[in-house]
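Values in this text are rule-based calculations from the coordinates and carry no lab data. What you see is a predicted model, and the numbers here were worked out from it, not measured in a lab. As a convention, Cβ positions derive from the backbone with ideal geometry for all residues, glycine included, and neighbour counts pool all protein chains shown.
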Amino acid sequence: MKMQKMMALVLAGTMTLAMSSSFVMAAGETEAVKAAGKVVMTTNAEFEPFEYKDGDEIVGIDREIADKIAEKLGVELEISDIAFSSLIPSLNAGKADFIAAGMTATDERRKNVDFSKDYFNASQTIIVRTDSDIKGREDLNGKVVGVQEGTTGDVYCTNEDGSSDIAVKEVRRFSKGMDAVSDLLSGRLDAVVIDDFPAQKLVEKNPDKIMTLEEAMTEETYAIAVPLGSDLVDVINEVIDELNESGEMDQIVSKYISVSEDDASADSAA
Ligand code: ARG
């Protein structure tokens with residue numbers, strides 16, 4: 001009897017130990033990344049100046065921040081380039097360690113991911129043809145608007161929860177902002193709604209045909225996403241702090257965005 005009781009105690013003890021050690025392993029994303037020798041970033045490289053392709057390479061502001069994260073961890077950076085709307089599912093399926101994609105930290109997304117500190121301030125912007133009768137946000141009422149699927153611009157224009165006073169006629173969703181702009185140029189769309197700096201880059205490619213409107217429609221901040229509870233967020237926050245304090249963040253941003261606009265960085269605006 002006594003022996004049995006002791007055995008049971010030992011067994012219970014072993015089980016508790018096994019459970020707690022597997023818990024520690026599951027919580028140690030940073031250690032796991034270091035052991036693997038690589039960190040996987042997932043993004044949607046259709047978003048100049050934050051991530052876009054230069055030949056075979058993915059470049060841009062987020063890429064440079066990701067390089068610093070990999071450097072801090074002492075590992076290789078691997079990049080997976082997928083559709084924007086697949087980023088969070090892919091992260092949560094364990095296919096990546098973090099998302100760096102000019103992603104706005106929204107409460108809705110916070111249900112499924114943890115966000116780092118903000119690193120950039122942004123807003124949704126309207127692109128129209130230069131001869132358009134759309135002069136501001138309210139002129140979008142009854143219009144056909146193109147957005148990048150699954151983005152905050154999509155949510156804003158679709159207005160499912162009725163929180164916006166704008167009722168567009170139709171929202172057309174594209175996997176690339178560039179494709180939406182083609183449809184705007186050809187007259188199939190009345191306007192495109194997309195983040196401010198990507199909008200500028202798209203307009204720069206067709207300056208005499210399209211333009212952005214002054215009015216900013218939303219206030220958003222970009223942050224890097226990790227799976228809920230991932231301790232990698234601490235390393236990412238450290239990197240963001242270091243880049244801000246050393247002035248490197250501003251240097252990175254001004255490589256891609258003309259100097260007059262670099263006050264959009266979350267740090268200098270704070
Ligand atoms: N900021 C917007 C959002 O979070 C758009 C981001 C699009 N990013 C991209 N890499 N395509 O919804």
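When the GluC sites (Glu not before Pro) in region 127-171 are filtered for DSSP coil states and for at most 15 other beta-carbon atoms within 10 Å of their beta-carbon, the remaining sites are Glu160. Highest mean packing comes first when the peptides 98-105, 194-201, 232-239 are listed by Cβ atoms within 10 Å, giving 98-105, 194-201, 232-239. Taking a straight Cα-Cα cut-off under 17 Å and skipping sequence neighbours fewer than 8 places away in the same chain, the aspartates and glutamates within cross-link reach of Lys72 are Glu29, Glu31, Asp62, Glu64, Asp97, Asp231, Asp234, Glu238, Asp241, Glu242, Glu245, Glu248. Among the lysines, which have Cα under 22 Å from the Cα of Lys169 when same-chain residues fewer than 8 positions away are ignored? Hits, sequence-local ones excluded: Lys135, Lys143. Using C-alpha pairs under 8 Å with a sequence gap of at least 6, the mean separation divided by the residue count of the chain gives a relative contact order of 25 percent.
Taking every alpha-carbon pair under 8 Å whose residues sit at least 6 apart, region 51-194 reaches a relative contact order of 22 percent.
Over the residues of the chain, the helix contribution to mean residue ellipticity at 222 nm works out to -12000 deg cm²/dmol, using -39500 (n - 2.57) for each DSSP H run of at least 4.
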